[in-house]
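The values are calculated or read from the model by the stated rules, or taken from the named source; none is laboratory data. A quick note: this is a predicted structure, and the numbers were derived from the prediction, not measured. Counting neighbours? That spans all protein chains shown, and the Cβs are built from the backbone with ideal geometry, glycine included. To get the accessible areas, we keep the full protein, side chains included, count just its heavy atoms, and leave off ligands, DNA and RNA. Shrake-Rupley method; radii C 1.70, N 1.55, O 1.52, S 1.80 Å.
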Amino acid sequence: MSRLPDRGRIDRAVELAFTFDGKEYRGYAGDTLASALLANEVRVVATSVNYGRPRGITAAGVEESNALVQIEAPFPEPMLAATAVELYEGLVARGLAGRGELADAPDPARYDAVHLHCDVLVVGAGPSGLVAALAAGRAGARVVLVDDQPEAGGSLLGMQHELGDWVSSVVTALTSCDDVRVLQRTTALGYFDDGFVLALERRTDHLPAADRIGKARQRIWRIRAKQVIVATGAHERPVVFADNDRPGIMLAGSARTYLHRYGVLAGRKAVVFTTNDSAYETATDLADAGADVSVVDARSEIPRYWSRECARRAIAVRAGSVVTGTSGHGRVTAAHVAPMNGGALGPRTGISCDLLLVSGGWNPAVHLYSQARGRLRYDTVMGAFVPEGDLAAVRVAGSALGTSTTYGCLSDGRAAAAKALAALGMPMPDVRLPVIDHPPDEVPSVVLWAVPDPREDGEPCRQFVDLQRDATVADILRALGAGLTSVEHVKRYTTIGTAHDQGKTSGVIASGIIADALGVDIASLGTTTFRPPYISVSFAALAGRDRGEIFDPVRVTAIHPWHVAHGAVFENVGQWKRPWFYPTNGEDLESAVLRECRAAREGVALMDGSTLGKINVQGADAAEFLDRLYTNVISSLKPGFIRYAVMCGLDGMVIDDGTVARISETEFLLTTTTGNAAKVRDWMEEFAQTEWAELRVKLTSVTDHWVTVPLVGPQSRAVLGAVAPRLDVSKEAFPFMTWRDASVAGIDARVCRISFSGELAYEINVSAWDGIALWEALIEAGKRYGITPYGTETMHVLRAEKGYPIIGQDTDGTVTPQDLGMTWVVSKKKVDFIGKRSHERAENKRPDRKHLVGVLPIDPQKLLVEGAQVLSSSDVSKPPVPMLGHVTSSYRSAALGRTFALALVRAGRDRIGETLYAWHDAELVPVTVADPVLYDRDGARRDG
Amino acid sequence: MQLIRCPWCGPREETEFHYGGQAHVAYPERPAETSDADWAHYVFFRENQKGAFAERWVHAAGCRRWFNAVRDTSTHEFLAVYKVGEAKPEVAR
């Protein structure tokens, strides 16, 4: 076992059983999957995606680029870094070869989201973040502190320090502040404008199974902060060398974290390869824990302090040397070390080891700052991009700012809080910092991206830049050879930085290698964009509760329960559920629709038309307003009367049609297409508020207030007469295109003589509360006539037989009223209306525009596909084949005893009687062009 | 997610708003007497400049009122918001 008996913050009282790659292991509460695997001597965790090379654990946090696992139980979850999975009882996982598998069953867990507003958001509960949160909290600010670990402390958790119980005392002090909320296990995913930060909280995986019940597994916090303090720390950066992917090669600071936080000694015989002082802390701590350690330092001069500390522990230090390569089967067994002078490698020696630790410096985690549009500056000593300065609402503190000492981080945190509080106009409280000594800073770091290829055995070696993508230095050079010079282009060409870890350890190295190869300054070359999310986040978490039935609102009418009870098949029309047809005795769509159509044309039928958009327009200038919006004259309409009307856009194209009923001098009720109701209302509102703000007019959507039931067919008068005995339903007293208020089945109703079917028909409107009562009364009264409910499909057939277009199906935004053959609905008298001037444009007056016409297949049983192209010639042997237009609607008609279609055809009205061809499923179907009105052309049935 | 200050409701999240294009493009006084070219410019042509740009917005999922704003199109920063009918404010930029 690599577990040491006396170290770590794990809870040895709570043992956890888990399974990895089919074998059972034990770890402790407080472990990650990675630390538990290391404790159990599991060194090979995954397999590389392209080359199939064995891979191990390289880090101790979210920057891990290698140890990818698939969780199998309790619920499958792919592509997780073993270093970021908290160990829990019963976890079953396996190592991945680059790609995971999504579950094929729905995730039973619940996810949710919470909005949070605060004065100061502090991201990261390390030394800087804790001080900043404490200062802001004591000042009385509303503070949120988020931290991605199970407990506060940040880097302090992974080191030996002199601060004693300082962390827990600060955490306690935070709880005594008025308004401080601390969210552990919560990762800030990204910064999105104006202080908006998304964070992901992991709430249940670490709990015993019984305690997970009833809790959302993960939660998205949508935090809006006035001031954000970014104290997210830094990621250690490796140095690239040949065969740098062998299991047992790890970031130096991570080995220190495994030692102090998890009580795991990652190896017994360690070589520490460094370019800076920080790795000496690891070297001495590992030696103190019993490891045999030697140091390879790329710097020619070794700091005196660290020389002494190493000498005390018999740690050999090689100055001016580098690791050029490694050997080993399955895991590293030796580091190849050579002196390096001015880029030239000296003679190579091997040092046997089971752990090779690497430190090439530290990259501040500037993601949030950069996403807030903070500018980065290249620091030549650190070899890293660091924040250039504060933003108005975003401040950076600690190692995220490039600060390397704990005391520096503490004082950064205090300074950031002071500035944030000043910006908020709040006084800065007195916050004392503990005093800590640090080793002297004697020799600066050197910047080393990659050790030259030693060409062992005379062959080029694999020097991995992005382990997860199996992308190498050679891949970068190939990209440059292809002429790419931008880091963003090289990233996409090589895929470096596009994997799960998003290049946390590889991105800046890639920039450095590119800069060196091109001979340009890395400061001007820059690095790739720090895009959110900072860690990978599941779609389930982002979707939260907005999935399944509540992904999008479902709108149903007041009569919906009746339709369900009577076996309606529904179709979605926008958010509405509408009955499509009502099959009886196992009918299919076609036979049900033929039966429903026959009932409407020969007896009586009814449908639920409640989804029709309805807008109430009121005001002294309502008539003038509608005159300007519709193509025809509305102001001449008398109360009690109804007019069909068409609305165009500024470009003259039809945007909607419907009916306008005048209720009084100052009130109108309009109907719109079901799917267009909101759009039309917005369109009208826009003109009412902006262009014609002087008009006294108010608009109200009343779609949901009214239930509308078209009662259709030759027997509709008899049925209505039966349920509305006091309403004179005679042709003379209640003619077509008028409305009457009446009591229908004892319910206050507004009955309109409107017909979208071409039959004698009444649209009965009642309050939505009375919808079912009306419907059932009509069904009851119509029984003796065989009253038949019909759905949208029958509605479409009936209207198409009459040549009534559906805006949005028979039109597509390039169709004028004239194209539809509706010059009669376009006023010649009005000086202006929306679209009038555009109708006069030369393009819109061309005689060869596409017209809406009827199209009858010569074979009366042939049902054309909607969208079929219409051609003038049957010769399609040579492209291009001229297209005349396309079929917009196509149905089988009970009344006509045949199939028929509507189509937009170039100069179609001049072609009536001609034979054209429709390209139907790779087959040419001859058709005859006809007038679009195929049924009851003189309207005798409708007006009857 | 940006905050947009509705002149009626105060700052609200951008998903509550719809964009309405360039502001202060008046409907021609006499459309019938407007040339085809001028009419086409009115219907189809809009400025697309970098920097401070006066444009129309509507608080669609809020009070549903239209208003005008000056926004920097290169940073998305709202420099001013003002009600319909008010003159475009001068912004320092």
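What to note about this one:
- Shielding of A:681-691 by partner chains, average beta-carbon count, 10 Å: 4
- Restricting region A:273-318 to trypsin sites (Lys or Arg not before Pro) in coil, as DSSP defines it, with at most 16 other Cβ within 10 Å: A:Arg313
- Using a simple spin-label model with pseudo-atoms 7 Å out from Cα toward Cβ, A:Phe641 and A:Glu914 lie 3.9 nm apart.
- Helix A:792-801 and the longest principal axis of the C-alpha atoms of chain A enclose an angle of approximately 50°.
- Cα gyration tensor shape for region A:457-525, rounded if a/c is under 1.5, else prolate or oblate: oblate
- For A:Gly821, net neighbour charge (Lys/Arg +1, Asp/Glu -1) across residues whose Cβ lies under 9 Å away: -1
- Region B:1-90 shape via C-alpha gyration tensor axes, a/c threshold 1.5: prolate
- Degrees separating the helix A:127-138 axis from the principal Cα axis of chain A, which is the longest one: 60 degrees
- Local net charge near A:Asp211, Cβ-Cβ under 13 Å (Lys/Arg +1, Asp/Glu -1): +2
- Karplus-based coupling profile of region A:266-281, in residue order and whole Hz: 6, x, 9, 10, 10, 10, 10, 9, 9, 10, 7, 6, 4, 6, 5, 4, with θ = phi - 60° in 6.51 cos²θ - 1.76 cosθ + 1.60 and x standing for Gly or Pro.
- Of the GluC sites (Glu not before Pro) found in region B:1-90, those in coil by DSSP whose Cβ has at most 12 other Cβ atoms within 10 Å are B:Glu29, B:Glu47, B:Glu86, B:Glu90.
- Counted charge near A:Thr498, where neighbours are those whose Cβ lies closer than 9 Å (Asp, Glu -1; Lys, Arg +1): +2
- Net charge dipole size for region A:364-481 [Lys, Arg +1 and Asp, Glu -1 on Cβ; Debye, nearest 20]: 680 debye
- 222 nm mean residue ellipticity, helices alone, for the protein assembly as shown (DSSP H n ≥ 4; -39,500 (n - 2.57); rounded to 500): -5500 deg cm²/dmol
- Rounded to 0.05, the FRET efficiency of the B:Arg5 and A:Val933 pair, given R0 = 41 Å and the Cβ-Cβ distance, is 0.15.
- Percent carbon-and-sulfur accessible area, chain A, ignoring ligands, DNA and RNA, probe 1.4 Å: 52 percent
- In this structure, A:Ala517 and A:Glu732 have a Cβ-Cβ separation that, at R0 = 56 Å, corresponds to a calculated FRET efficiency of about 0.05.
- For chain A, Kirkwood radius (reciprocal of mean inverse C-alpha pair distance, Å): 33.6 Å
- Restricting attention to the protein assembly as shown, close to 75% of DSSP beta bridges with both partner residues there are antiparallel.
- Isolated Cys residues of chain B, judged by Cβ distance under 4.7 Å to other cysteines: B:Cys63
- Per-peptide packing, taken as the mean over residues of other Cβ atoms within 10 Å, places A:505-513, A:123-131, A:717-725, A:226-234 in the sequence A:123-131, A:226-234, A:505-513, A:717-725 from highest down.
- Hits among lysines - C-alpha to C-alpha of B:Lys50 under 30 Å, sequence gap 8 or more where chains match: A:Lys226, A:Lys491, A:Lys679, B:Lys83, B:Lys88
- Karplus-derived HN-Hα couplings along region B:52-65 (A = 6.51, B = -1.76, C = 1.60, θ = phi - 60°), whole Hz, x at Gly and Pro: 5, 9, 7, 9, 9, 9, 10, 7, 5, 9, x, 7, 6, 8
- The long axis of helix A:771-782 is offset from the longest Cα principal axis of chain A by roughly 40 degrees.
- Set of region B:28-70 residues, backbone N closer than 18 Å to the point 7 Å along the Cα-Cβ line of A:Glu694: B:28-32
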